[in-house]
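Below is one structure; the comments refer to it alone.
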Amino acid sequence: MKPAILVAATLLAAAPPAIAHDIKSAVDPTKPAAFDITSASATTDGRLSTFMMEVAGEAGSVKPEATGKLEGARVTAYVWPTGFDPSAVGFAEKSGILALAITAHPDFDDTPLFDENGDGDPANDGADWHSHWVVLGKDDGCGAGLKVLDVSPGVDVLPPTAPMLPLALDSPGMSPSLQGKTARVTVPVRDGENVSFDAVTAELQVNAEGKAPLLCVTAVHDIASGDLSMPGRIVKQ
């Protein structure tokens, strides 16, 4: 794992020219198999983009344990940082790094418009894997030097399906697939061809005092490129 400041600085730097359409990563037995990325790819039909990553073990087989409260709650995530401007999905222009994430967190539900587990209650689904767009930014106070940006709902620009938390986080309601070694999700975002991306497996945590930075990236399990240089490119399907 890179030092926290180096990880953050690298992610927020401009991506270099494309060297590959997909990303390959060697198996690392020192990493948890469910988070050890072996490849990542992305495709688009011009309207929808599909992001995929493969891991050495079973994707989605490990989730955080419940703590019983929002403060200090843990989040497990499969993440694709992208070269899309955040305005592509409804956030403020040039506000940070737009990333697509598949997350699970049993202590809170941040998808109030959707009933992922189909039990008739849209407010109890946080423990099930679900998708988010998030905007990431640097914060040296976070364990991995990164956070989901803190915002003010009603003041800052947010997508229409944002859950109105004080975070640059959207809940588009697109169901992810975690089967075997593969994590995959398809989302509506236009003009994706040749946009850069990377793949990351990470842990996040809600601030124990409920204050900013509210949602920190606390640990990075693996980075497909090794250095967050976003060498992957979305290809036309």
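Of the peptides 164-172, 207-215, 64-72, the ranking by mean beta-carbon count within 10 Å, highest at the top, reads 164-172, 207-215, 64-72. Give me the mean projected area, in nm² to one decimal, of the convex hull enclosing the Cα positions of region 122-237. The directionally averaged projection comes out at 9.0 nm². Calculated accessible area for region 39-117 comes out at 38 Å² per residue, all protein chains present (probe 1.4 Å; ligands, DNA, RNA ignored). Taking all protein chains together, ARG47, ARG184 sort by accessible area into ARG47, ARG184, largest first [probe 1.4 Å]. Got a number for carbon plus sulfur as a percent of region 19-88's accessible area, 1.4 Å probe? Summing carbon and sulfur atoms, their accessible area is 51 percent of the total for region 19-88. On the principal axes of its alpha carbon atoms, region 170-237 extends 45, 30, 28 Å, with the longest extent given first. On region 157-237, 52 percent of the accessible area sits on carbon and sulfur atoms, based on a 1.4 Å probe.
Solvent-accessible surface of region 136-188, averaged per residue with a 1.4 angstrom probe and all protein chains in place: 45 square angstrom.
Here region 34-89 was treated as a single set of alpha-carbon atoms; its pair distances binned every 5 Å from 0 give 4, 13, 18, 18, 15, 16, 12, 3, 0 percent.
The values are calculated or read from the model by the stated rules, or taken from the named source; none is laboratory data. The structure presented is a predicted model; accordingly, all values stated were derived computationally and were not measured. So basically every Cβ, Gly included, is an ideal-geometry build from the backbone, and we count neighbours across all protein chains shown. These area figures cover heavy atoms from the full protein model, side chains too; ligands, DNA and RNA do not enter into them. Shrake-Rupley method; radii C 1.70, N 1.55, O 1.52, S 1.80 Å.
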